[in-house]
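Participant: Handing you a structure now.
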Amino acid sequence: MKELITKLNKIFDNRLRLGIMSILLVNDEADFNRLKEMLDATDGNLASHLKALEKVGFVQVHKQFIGRKPNTSYAATESGKAAFADHVKA
């Protein structure tokens, strides 16, 4: 039993990080506002968790302008998808 727990990935211990990855696995990508709305998170809290996932290479960021408004969208990387799948299996 203890062996199963050690296989869990600590990066997904937080509910927001778990939620972010869950959303990105069922969608090709999601923008910041959509993630914020779906997870009921504040700007700062969501941004810090996205940055943590980006830092370990689990999420990639795409910045663009739609009209005159900046838009930031996120997608799960292949390594992020694999790590999340391993976490769920554990």
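The values are calculated or read from the model by the stated rules, or taken from the named source; none is laboratory data. Given the structure is predicted, the values throughout are model-derived calculations rather than measurements. Positions of Cβ are backbone-derived with ideal geometry, glycine not excepted, and every protein chain shown enters the neighbour counts. The protein model used for the area step is the full one, side chains on, heavy atoms only, and it has no ligands, DNA or RNA in it. Shrake-Rupley method; radii C 1.70, N 1.55, O 1.52, S 1.80 Å.
Participant: Under the definition of Cα pairs under 8 Å and six or more residues apart, what whole-number percent is the relative contact order of the chain?
Facilitator: Numbers: 96 pairs, mean separation 32.5, N = 90.
Relative contact order of the chain: 36 percent.
Participant: If you don't mind, another one. In deg cm²/dmol and to the nearest 500, what is the mean residue ellipticity at 222 nm of the chain if only DSSP H runs of at least 4 residues count, each as -39500 (n - 2.57), divided by the residue total?
Facilitator: On the way: 5 runs with 50 residues, N = 90.
For the chain, the value works out to -16500 deg cm²/dmol.
Participant: With a probe of 1.4 Å, find how much accessible area the chain has per residue, and write the answer as a whole number in Å². Please report the intermediate quantities before stating the final value.
Facilitator: Details: 6150 Å² over 90 residues.
The answer is 68 Å² per residue.
Participant: Also, quick follow-up: Long-range amide H contacts for Val59: which residues qualify at under 5 Å (H placed 1.01 Å from N, peptide plane, sequence gap of 5 or more or a different chain)?
Facilitator: Under 5 Å from the amide H of Val59: Glu54, Thr77.
Participant: Would you mind checking which residues have amide H under 5 Å from Asn71's amide H? H placed 1.01 Å from N; only 5 or more apart, or other chain.
Facilitator: For Asn71, whose amide H was placed from the backbone, the distant partners under 5 Å are Gln64, Phe65, Ile66.
Participant: I need the helices of the chain that pass two filters: whole DSSP H segments spanning 24 Å or more by Cα along the axis, and mean Kyte-Doolittle score no lower than -1.0. Provide the component values of the computation, followed by the final result.
Facilitator: Working: long enough: none.
Result, helices passing both filters: zero.
Participant: Starting from the Cα of Lys36, draw a straight line to each of the aspartates and glutamates and keep only those under 17 Å, dropping any in the same chain fewer than 8 residues away.
Facilitator: Asp28, Glu54
Participant: Next question, about the same structure. In debye to the nearest 20, how big a dipole does the chain give about its Cα centre with +1 on each Lys and Arg Cβ and -1 on each Asp and Glu Cβ? Please list the in-between numbers first.
Facilitator: Details: 14 positive and 11 negative charges, 36 e Å.
It works out to roughly 180 debye.
Participant: Considering only DSSP states other than H, G, I, E and B, which trypsin sites (Lys or Arg not before Pro) in segment 1-83 qualify as loop sites with at most 16 other Cβ atoms within 10 Å?
Facilitator: Values: sites: Lys2, Lys7, Lys10, Arg15, Arg17, Arg34, Lys36, Lys51, Lys55, Lys63, Arg68, Lys81; in loops: Lys7, Arg68.
Sparse-neighbourhood loop trypsin sites (Lys or Arg not before Pro): Lys7, Arg68.
Participant: In the chain, carbon and sulfur make up what percent of the accessible area (probe 1.4 Å)?
Facilitator: Details: 3220 of 6150 Å².
Roughly 52 percent, rounded to a whole number.
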